[in-house]
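Enquirer: This structure is in structure tokens; I'll ask about it shortly.
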């Protein structure tokens, strides 16, 4: 089927670009001896997780238990849930998961870690633990090397959980291609201090898990980091481009839409709004709206209703007509993919793949 | 099951409030002789559409063909698709739909209307048409009574479509409870002018479809309006409250979440972010973040990652602990419900209903 035969709105993945992105990150990690544990939140598709493993990833990362279950169902065998597991219902599911996959959980709380260990003990399974330190995003994570040492020691003494090391998420760090941000050095120094103190206490830190897509290829400059968890690199998006972490030519996902109204002067309406793109604005501060139009770069996706994308075409020479098809690179590809039950893979203009987004919407 | 046994995040509907909201709008419409054709985009659940019909609604409104199909599958028999149907694939599905339900489509384009008529003729079905006039939102709709008359006349002369009347969406109009916004009078005057001119040409305007939730209960002040299409009124949300169109006590939907991290001073993290609430900010300009916390009104849902809600508790006396459950009224309930495959209905604190959100994510 030709890509123009896909009814719109449709989320389309260029498989050639996807493969390039996968190969580049795999080569970077292999070249620097860093383990790659990609965050599957970007694609939520077991087949793409499998492509990552086939290219050398040591395992995958997910945020929620439901995502981990979908990935384990598909045979993925080594899963980090980079999210605290809280509550009896989730602990039950966690030990169920640990019976069929190697599972690790990160948390900043000794209480959460203890509950995991206790439940694992009752069920006769082993669950890995990473102690999370805040890298400066102020989301999750203990605040100092002191607190990290205390938390790690408590984890290391649990009977039925295995303390593996540290996790940080430098999600607030924006990396200019020509600069080495000092903030990564500071994070590294704090991790190293905690690691040294634990070593002197006889506790080994085997894993230090770091890295989001923007900082991924600076990871070799951090002495402590043993693995990274980039997610967005598989597809890239306008946020990644705005941060200078990828070129537009390396954006693998486009949303194909159709013009459905041109009745208002200076405007046109496409058949995708916030239910198609998500309402995430560009973080890059470019002020170019909710996505980038490949056909006409002066057409601005200025605002969105749920099902209507409002194009501002006042400064554009494009003369859009009802029925015209356009392609937009989304601002935040993870949240865009999460709106859809299915995505399409193309080689050139030929549709060769249909994937269900099996991990979509699994909030628990 | 007690509501506290639901694992989080969970979208919970208070059925008593839902029924009050349904009854109030039904009574308003009955009292003023206005037909009620609720927009199902807010709930996307056939069982709730059925509750609306049972209370006197003349039919339902949807935005997308996929939503119409789900509603027709569930036996809803009179469906307005308030969205232009463009393209061969969708036209095929439209006539399939018209074989099992009474279907009407709105558009601002004679070309779109003609394609619908032609396809209906080939299939031997009849499809209703409404001519859309822009009420000032600058989204879809022709711009003047002149253009509306021209479009309506073209529609009226189509062989296999039935011209029924006009559609407007005053979605930009915010109604203060004590004011009668002059903009509704202006819209009414423009519709009346077009209606009179069509009458003199021998074309009857039987339906004038208007009204969103904020303007719904001002509809009797518009002489032309015969039916309204409010959606949000079933649940209400913080946007409706901010506009003065509902009280907090009439918000039927809450999102139940659990605190999963308190490691960062002045902050706490809940297990729902933009994948749970959607990223739609409050339109009311209250600056209170992405939802309203019923337990602690000084706890601000300040920002969101995909799976993390970032609470600012600096100005709050709440001392949150990991495992605490909180309830948030979302800003925009339509987009929140659209993130979820299932929602729960409660009477008091007892869970008595589980509904699949069958119309979720149907973007085509």
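Enquirer: Which residues, taken from the range A:134-146, are within 9 Å of chain B (Cβ to nearest Cβ) and buried (at least 19 other Cβ atoms within 10 Å of the Cβ)?
Expert: A:134, A:139, A:140, A:141, A:142
Enquirer: I need the full set of residues from the range B:22-64 which are in contact with a helix residue (DSSP H, G or I) (Cβ under 9 Å, 6 or more places away or on another chain) and within 14 Å of chain A (Cβ to nearest Cβ), in order please.
Expert: The answer is B:39, B:40, B:41, B:42, B:43, B:44, B:62, B:63, B:64.
Enquirer: Hey, another quick one. Tell me, which helices (runs of 4 or more DSSP H) wholly within the range B:80-196 include 2 or more residues that are in contact (Cβ under 8 Å) with a residue 40 or more places away in the chain? Spell out how you get there, then give the answer.
Expert: Numbers: elements: B:88-98, B:110-123, B:145-156.
The qualifying helices (runs of 4 or more DSSP H) are B:110-123, B:145-156.
Enquirer: Here's a check for you: in the range A:147-156, which residue that is more than 23 Å from residue A:78 (Cα to Cα) and surrounded by fewer than 23 Cβ atoms within 10 Å (Cβ to Cβ) is nearest to the other protein chains (Cβ to nearest Cβ)?
Expert: Pass one, the range A:147-156, residues more than 23 Å from residue A:78 (Cα to Cα): A:147-151, A:153-154.
So of that shortlist, the ones also surrounded by fewer than 23 Cβ atoms within 10 Å (Cβ to Cβ) come out as A:147, A:149-150, A:153-154.
On the way: A:147: 8, A:149: 14, A:150: 12, A:153: 16, A:154: 14 Å.
Filtering the range A:147-156 for residues that are more than 23 Å from residue A:78 (Cα to Cα) and surrounded by fewer than 23 Cβ atoms within 10 Å (Cβ to Cβ), the one nearest to the other protein chains (Cβ to nearest Cβ) comes out as A:147.
Enquirer: Return the residue satisfying two criteria in turn: it lies in the range A:239-278 and is surrounded by fewer than 24 Cβ atoms within 10 Å (Cβ to Cβ) and at the interface with another protein chain (Cβ under 7 Å from one of its Cβ atoms), and of such residues it is nearest to residue B:67 (Cα to Cα).
Expert: Ranking the candidates gives A:258 first.
Enquirer: For the range B:327-362, which positions are under 21 Å from residue A:362 (Cβ atoms) and over 22 Å from the mean Cα position of the chain (by Cα)?
Expert: Hit for the range B:327-362 is B:351, nothing else.
Enquirer: If I ask for residues that are crowded, with 19+ Cβ neighbours inside 10 Å and in a helix (DSSP H, G or I), which ones from the range B:197-208 would you list? Step through it out loud before you land on a result.
Expert: Quick first cut of the range B:197-208, residues crowded, with 19+ Cβ neighbours inside 10 Å only: B:198, B:205, B:207-208.
Scanning the range B:197-208 gives a single hit, B:198.
Enquirer: Quick check: is even one residue across the range A:170-192 surrounded by 18 or more Cβ atoms within 10 Å (Cβ to Cβ), under 26 Å from residue A:27 (Cβ atoms), touching a strand residue (DSSP E or B) at 6+ places or on another chain (Cβ under 7 Å) and in the same structural domain as residue A:104 (by TED's automatic domain parsing)?
Expert: yes
Enquirer: How many residues does the range B:7-20 hold that are within 30 Å of residue B:53 (Cβ to Cβ) and touching a helix residue (DSSP H, G or I) at 6+ places or on another chain (Cβ under 9 Å)? So that I can check it myself, show each step before the final result.
Expert: Taking the range B:7-20 as the starting set, the residues that turn out to be within 30 Å of residue B:53 (Cβ to Cβ) are B:10-20.
Add one more test, that the residue is touching a helix residue (DSSP H, G or I) at 6+ places or on another chain (Cβ under 9 Å), and what stays is B:10-13, B:17-20.
Of the residues in that region, 8 qualify.
Enquirer: Another question about this same structure. Quick check: is even one residue across the range B:148-160 touching a helix residue (DSSP H, G or I) at 6+ places or on another chain (Cβ under 9 Å) and within 25 Å of residue A:305 (Cα to Cα)?
Expert: First, pick out the residues of the range B:148-160 that are touching a helix residue (DSSP H, G or I) at 6+ places or on another chain (Cβ under 9 Å): B:148-156, B:158-160.
Checking which are within 25 Å of residue A:305 (Cα to Cα) leaves us with B:148, B:151.
Yes, the range B:148-160 has at least one match.
Enquirer: Only one of (1) in contact (Cβ under 8 Å) with a residue 60 or more places away in the chain; (2) under 16 Å from residue A:10 (Cβ atoms) is not met by residue A:363, so which one is it?
Expert: All conditions pass for residue A:363, except number (2).
Enquirer: From the list B:310, B:340, B:332, which residue is buried (at least 16 other Cβ atoms within 10 Å of the Cβ), closer than 24 Å to residue A:109 by Cα and within 14 Å of another protein chain (Cβ to nearest Cβ)? Let's see the steps before the verdict.
Expert: Working: B:340 fails: closer than 24 Å to residue A:109 by Cα; B:332 fails: closer than 24 Å to residue A:109 by Cα.
Going through B:310, B:340, B:332 in turn, the sole match is B:310.
Enquirer: What about residue A:319, is it free of Cβ contacts under 8 Å to residues at least 40 places away in the same chain and at the interface with another protein chain (Cβ under 10 Å from one of its Cβ atoms)?
Expert: Answer is no for this residue.
Enquirer: To continue, here is another question. Does residue A:123 satisfy the condition of being surrounded by fewer than 24 Cβ atoms within 10 Å (Cβ to Cβ), within 11 Å of chain B (Cβ to nearest Cβ), touching a helix residue (DSSP H, G or I) at 6+ places or on another chain (Cβ under 7 Å) and farther than 30 Å from residue A:54 by Cβ?
Expert: Numbers: surrounded by fewer than 24 Cβ atoms within 10 Å (Cβ to Cβ): yes; within 11 Å of chain B (Cβ to nearest Cβ): no; touching a helix residue (DSSP H, G or I) at 6+ places or on another chain (Cβ under 7 Å): yes; farther than 30 Å from residue A:54 by Cβ: yes.
No, not satisfied.
Enquirer: Just checking, does the range B:53-66 include any residue being modelled with pLDDT of 95 or more, over 12 Å from the mean Cα position of the chain (by Cα), closer than 27 Å to residue A:263 by Cα and in a helix (DSSP H, G or I)?
Expert: Yes, the conditions are met somewhere in the range B:53-66.
Enquirer: Same structure again: Applying the selection to the range B:65-109, what residues are within 14 Å of another protein chain (Cβ to nearest Cβ), buried (at least 24 other Cβ atoms within 10 Å of the Cβ) and closer than 15 Å to residue B:45 by Cβ?
Expert: Scanning the range B:65-109 gives B:67, B:68.
The values are calculated or read from the model by the stated rules, or taken from the named source; none is laboratory data. This is a predicted model, so every value here is computed, not measured. Because the Cβ atoms are built from the backbone with ideal geometry, glycine has one as well, and the counts that use them run over all protein chains shown.
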